[in-house]
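**Student:** I am attaching a structure below and will ask some questions about it afterwards.
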């Protein structure tokens, strides 16, 4: 080592990646697939450039500290590394959060002993204070635990490290830098065999932090849902259709609802003038109304101060293919799209629809929500991926012609509520539409389902509408019992999964 070399603490740049990669490979030789890709670093720099720090020794990057800001109440003390990082998309970063969460610190082994790690930790503490965050948290590896796992439980191992009876290079360093062990995390980092996939949740408290009392725009925990059981009927014009939709938005917002849910393809009556065309051509004509309708509903969301889930509508995308999509129109004027992933045989054969490839969990002023269109709720993998990303309410707009079709949707929706410890709200269309091909009859009963435990209705049904009658269903749901269920329920479906035995992951996209 050059005794006259300079040491600098800097913000990381994407140009530093090649140096960074060399240091990573040396620092993590005991972990497979542990190296950050260049795209990962770019994404971190895009969302939180101030939180990505590095140490430069004689012009070379020899260590770094990567961080996110987390709204910790959305995560809680029982989380995994994948959940904290949003499955490595960093979608969990929240500039308005309260915790600086460290997702990595490492030093090239040739440069250890120069107290470079302490420089990075001190810089993190300074950043935490400057950003007025409550604390620094991270899941710390215990890489020597595998040597003692046959004789010591993790708690016993940590105690012996504290008492200096066992040396753990990571934990010893963290304790010496004023961090304390808050709890033990299980199944934290997949593939960390040295730590047996355990981690210590380490905390440093910012003593200068003063919580700011929020008087407005506080995220709600008691949420009111408004479901529209829509009567299929003919409309003389697009404007009259929008007028009917506004009637329901107005009615539901009068009850101070936080969400309005419309059914799948509730705009199908606008297809009536094109009934002389083939069904594939007719639904593509219907798709011409999708963007105007989205814009109208977005305006209504702002005007009536309610988040609108627009059911679904056909959409022809740039590749010329026909999709079944919907929109979350927030009351702040923003909107995001969701897609139907699984297309029914009838949708394929009659309309030539194809399935989408995007699965999202949406942040709202009432927490995290997901939307699955009709048939998608019959595939449990999708909602489980959403639950892993923090979804608390699942909305299911559906369209079913017969009662047995409806029961498939209903039964699966109830199962999803139990499996994923969340609320599930479903809404569909009722009545007849005789002058529109492939849309003759509909059967529906809107409902809100809950998990089945002591804090919820015994049968898991919070509320349900009268079958096959046009109406609205208003129901309140409370997020707090879901948090209690997750940690203290009679059964804990999310926590008790055997992740050591099986796994579920998204191949093409990240939730």
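**Student:** Taking the residues in segment 393-420 that are outside any helix (DSSP H, G or I) and modelled with pLDDT of 95 or more as candidates, determine which candidate is farthest from residue 479 (Cα to Cα).
**Tutor:** It comes out as 400.
**Student:** Next question, about the same structure. Determine which member of the set 265, 261 is touching a residue at least 60 places away in the same chain (Cβ under 8 Å), crowded, with 20+ Cβ neighbours inside 10 Å, assigned by TED's automatic domain parsing to the domain that holds residue 410 and on the phi > 0 side of the Ramachandran plot.
**Tutor:** Numbers: 261 fails: on the phi > 0 side of the Ramachandran plot.
The match here is 265.
**Student:** Does residue 136 fit the bill of being closer than 20 Å to residue 181 by Cα and part of a strand (DSSP E or B)?
**Tutor:** yes
**Student:** Another question, then. Go through segment 374-400 and count every residue that is closer than 17 Å to residue 465 by Cα and free of Cβ contacts under 8 Å to residues at least 60 places away in the same chain.
**Tutor:** Qualifying residue count, segment 374-400: 2.
**Student:** Tell me yes or no: at least one residue of segment 413-420 is without any contact (Cβ under 8 Å) to a residue 40 or more places away in the chain, more than 23 Å from residue 382 (Cβ to Cβ), assigned by TED's automatic domain parsing to the domain that holds residue 351 and in contact with a strand residue (DSSP E or B) (Cβ under 8 Å, 6 or more places away or on another chain).
**Tutor:** no
Listed here are the residues, each with its yes/no results for (1) in the same structural domain as residue 263 (by TED's automatic domain parsing); (2) part of a loop (DSSP other than H, G, I, E, B); (3) surrounded by 16 or more Cβ atoms within 10 Å (Cβ to Cβ).
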residue	(1), (2), (3)
323	yes, no, yes
333	yes, yes, no
338	yes, no, yes
343	yes, yes, yes
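**Student:** Of everything in segment 150-172, what is touching a helix residue (DSSP H, G or I) at 6+ places or on another chain (Cβ under 6 Å) and either within 18 Å of residue 103 (Cβ to Cβ) or surrounded by fewer than 16 Cβ atoms within 10 Å (Cβ to Cβ) (or both)? Give them in sequence order.
**Tutor:** Narrowing segment 150-172 to residues touching a helix residue (DSSP H, G or I) at 6+ places or on another chain (Cβ under 6 Å): 157, 161, 166, 168, 171.
The answer is 171, and nothing else.
**Student:** Another question, if that's okay. What tally of residues in segment 15-30 results from selecting those that are surrounded by fewer than 14 Cβ atoms within 10 Å (Cβ to Cβ) and free of Cβ contacts under 8 Å to residues at least 60 places away in the same chain?
**Tutor:** Total satisfying the criteria: 4.
**Student:** All but one of (1) free of Cβ contacts under 8 Å to residues at least 12 places away in the same chain; (2) under 30 Å from residue 437 (Cα atoms) hold for residue 229, so report the exception by its number.
**Tutor:** (1)
**Student:** Considering only segment 16-115, give the helices (runs of 4 or more DSSP H) lying wholly within it that have at least 3 residues that are in contact with a helix residue (DSSP H, G or I) (Cβ under 9 Å, 6 or more places away or on another chain) and farther than 26 Å from residue 480 by Cβ. Reasoning before the result, please.
**Tutor:** Numbers: elements: 17-27, 38-47, 81-84.
So the answer is 17-27, 38-47.
The values are calculated or read from the model by the stated rules, or taken from the named source; none is laboratory data. It should be emphasised that the depicted structure is a prediction, and the values quoted were computed from it without experimental measurement. Positions of Cβ are backbone-derived with ideal geometry, glycine not excepted, and every protein chain shown enters the neighbour counts.
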